[in-house]
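**Q** One structure, pasted below without further comment.
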Amino acid sequence: MWLITTISLIIFTQYMCLYAASENIFTVEENYARNRSSSCIFGVQSVSILMFNSDTPQGQSVDINESCDFVDPSKPVAFLTHGFLAHSNWTNYYKLASQLLKKEYTVFSLDWSNASCYNDPIVLRLLEYPSAMSNTVEVGNYLASYIKSVIDVCDVPLKSITLVGHSLGAHINGFAAKNIKKSISGKIPLLIGTDPAAPPFMFQSCPNRFCIEDADRVIAFHTSPLGIPYSIAHLDLWFNNGMLQPGCELFGFNVECSHNIAVEYLAHMLLNNCNFIGVPTKFVPKCPVPDKISCISINDKIFDSNNSIKGNYCVHVKSQSPYCTGSSSSCLQ
């Protein structure tokens, strides 16, 4: 019953947010959908990659045999993976890609919109979440193959690669990381999951979900009841205690907004002088007051795979963008 209720909540909030969006955004999304076909219930029909670099900041589709033309092996590479009912040019991921470009990353955004049920009629999506969920392993294996080609053919070292996944996309990246670990005997250095989807992964063991064992350093953001409600990473960040987010109070559909805002938080960490303050959490209704000795400053160093900070931290957030709350001198860590 909990699983059915949660899936229903996901669909309802996705549906209502679609109608709450501006007319222009709705038109863009509608046109995007018209260009793709085939239902997600038939499995993974198509997967593609959108690439961003300094020469193509708006992004462009690339085939696997073209990737090396756009990659500088001396610079870091990030792979972004969207979640249920989304696509590679999703607004929040475009914001994140834009900030990563400023840090000299090459960004590959995986588009599995067909398999994520993005193109299917809204009235069918409630029944299709299990299909999107079951497609995650195959999509993860495709992503692993793409990453291995970038490593082998483009001479990008494994240590330069970061995976970022949202919701179901976090689990896809987890499956990709598992595949890579088995096939090339090496771990992805950094895996970041923004509110990894709960149903039904929260009941699964590590081999079947996003997991602390998937990479050398694993970070999880918790921002809504739609995400896994327990620690799953080396560093678990519980924004506003992992409950509904203050920046979403202006919107009518707080749960979905709180789920998706996790990606914006990550993008804001890359802004200059934007620091979030994390406090060791005791999972009480409100975040504890920051203490300079025990609190941590969370900023662009989140992308440093050598960062050694571990544990569970409640993260204070503002209700307006940018959502960061402190300065780098606010904490000793």
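**Q** Please go through the range 37-60 and pick out each residue that is modelled with pLDDT under 90 and either under 14 Å from Leu96 (Cα atoms) or exposed (fewer than 13 other Cβ atoms within 10 Å of the Cβ) (or both).
**A** Selection gives Ser37 alone.
**Q** Please find, among Gly242, Gly186, Gly247, the residue that is at pLDDT below 95 and within 19 Å of Tyr142 (Cα to Cα).
**A** Working: Gly242 fails: within 19 Å of Tyr142 (Cα to Cα); Gly247 fails: within 19 Å of Tyr142 (Cα to Cα).
So the residue among Gly242, Gly186, Gly247 that is at pLDDT below 95 and within 19 Å of Tyr142 (Cα to Cα) is Gly186.
**Q** I've got another one for you. Can you find, within the range 122-144, the residue that is modelled with the lowest pLDDT among those that are surrounded by fewer than 19 Cβ atoms within 10 Å (Cβ to Cβ) and over 17 Å from His171 (Cβ atoms)?
**A** The selected residue is Leu126.
**Q** Among all residue pairs at least 6 apart or on different chains, which show Cβ distances below 7 Å where the first residue, located in the range 199-215, is under 24 Å from Thr162 (Cβ atoms) and the second is part of a helix (DSSP H, G or I) and of a type in the set (Lys, Arg)?
**A** Going by the 7 Å Cβ cut-off, the qualifying pairs are Asp214/Lys178.
**Q** Moving to a separate point now. Would you mind stating whether Glu213 is of a type in the set (D, E, K, R) and within 17 Å of Gln320 (Cα to Cα)?
**A** Numbers: of a type in the set (D, E, K, R): yes; within 17 Å of Gln320 (Cα to Cα): no.
Answer is no for this residue.
**Q** Does Thr81 meet the test of being surrounded by fewer than 22 Cβ atoms within 10 Å (Cβ to Cβ), under 18 Å from Asp195 (Cβ atoms) and either out of contact with any helix residue (DSSP H, G or I) (no Cβ under 7 Å at 6 or more places or on another chain) or modelled with pLDDT of 95 or more (or both)?
**A** On the way: surrounded by fewer than 22 Cβ atoms within 10 Å (Cβ to Cβ): no; under 18 Å from Asp195 (Cβ atoms): yes; either out of contact with any helix residue (DSSP H, G or I) (no Cβ under 7 Å at 6 or more places or on another chain) or modelled with pLDDT of 95 or more (or both): yes.
Spelling it out, it is not the case that Thr81 is surrounded by fewer than 22 Cβ atoms within 10 Å (Cβ to Cβ), under 18 Å from Asp195 (Cβ atoms) and either out of contact with any helix residue (DSSP H, G or I) (no Cβ under 7 Å at 6 or more places or on another chain) or modelled with pLDDT of 95 or more (or both).
The values are calculated or read from the model by the stated rules, or taken from the named source; none is laboratory data. Note that this is a predicted model, so its numbers are computed, not measured. Backbone-built Cβ (ideal geometry, glycine too); neighbour counts: all protein chains shown.
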